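See below for the structure under consideration.
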Amino acid sequence: MAEFVLAQDSDVALISRLGHKIFSETYEDILSEEQIEYMLEMMYSTYSIRRQMQNDNSFYIVYSEGEAVGYIAIEDKGEGAFHLQKLYLRSDMHGKNIGREMMNKVYEHAKKLYPNGATITLNVNRNNPTLDFYKKMGWEIIEEGDFDLGSGFFANDYIMKIGV
């Protein structure tokens with residue numbers, strides 16, 4: 001069973017380290033090395049993580065048997081709308097139901113803030129194998145797009161949505 005700890009400023013370096021490891025391994029067969037490096041700096045520098053925390057993103061560190069194995073970031077957009085910014089788990093932890101527990105934590109977070117119902121969206125790379133996981137969890141594709149990240153890089157994503 002996973003344990004979830006709401007991240008504090010003192011956890012920024014840990015999230016950055018986890019992000020560099022897990023994001024890189026997740027996308028090594030999907031994105032170029034240059035795009036991965038660009039996105040790591042954009043999303044996982046300690047400066048960027050602090051900025052995200054200050055801008056209505058709640059980060060959770062995921063622990064299994066006392067070891068940090070993943071992280072979640074969910075942005076409160078207001079009025080019962082959330083965007084799941086990050087849900088990443090080390091690949092050696094896949095298949096242990098931790099991903100399902102992480103998703104349940106996301107739902108719990110949204111329901112706690114908006115008990116009368118909330119909607120959650122996320123972006124997922126169209127070539128990310130995790131797409132099947134989201135579909136199994138009840139998420140629906142509502143849109144697809146190529147989003148400009150700057151420096152000539154794009155996120156080629158599906159936008160998915162679920163109500164909780």
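A compact table of results
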read-out	value
Counted residues, segment 4-23 - those being under 16 Å from Leu87 (Cβ atoms) and not aromatic (Phe, Trp, Tyr)	8
Sole residue being small (Gly, Ala, Ser) and in contact with a strand residue (DSSP E or B) (Cβ under 9 Å, 6 or more places away or on another chain), chosen from Ala13, Ala7	Ala7
Single residue of segment 43-59 satisfying the filter (touching a Phe, Trp or Tyr at 6+ places or on another chain (Cβ under 9 Å) and not hydroxyl-bearing (Ser, Thr, Tyr)) that is farthest from Ser10 (Cα to Cα)	Met43
Meets criteria (β-branched (Val, Ile, Thr), in contact (Cβ under 8 Å) with a residue 12 or more places away in the chain, more than 18 Å from Asn128 (Cβ to Cβ) and surrounded by fewer than 20 Cβ atoms within 10 Å (Cβ to Cβ)) for Ile61	yes
Members of segment 95-138 found to be among the β-branched types (Val, Ile, Thr) and within 17 Å of Tyr71 (Cβ to Cβ), listed by number	Ile98, Val106, Ile120, Val124, Thr130
Any chance Glu75 is of a type outside the set (Phe, Trp, Tyr) and not in a strand (DSSP E or B)	no
Residue in segment 28-47 that is modelled with pLDDT of 95 or more, of a type in the set (Asp, Glu) and farther than 28 Å from Ser151 by Cα present	no
Ala73 closer than 20 Å to Ala13 by Cβ, surrounded by 15 or more Cβ atoms within 10 Å (Cβ to Cβ), of a type in the set (Gly, Ala, Ser) and under 16 Å from the mean Cα position of the chain (by Cα)	yes
Only one of Val62, Val69 that is part of a strand (DSSP E or B), aliphatic (A, V, I, L, M) and in contact with a Gly (Cβ under 6 Å, 6 or more places away or on another chain)	Val62
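The values are calculated or read from the model by the stated rules, or taken from the named source; none is laboratory data. Bear in mind the structure is a predicted one, so any value in this text is a computation, not a measurement. Glycine also receives a Cβ, built like all others from the backbone with ideal geometry; neighbour counts cover every protein chain displayed.
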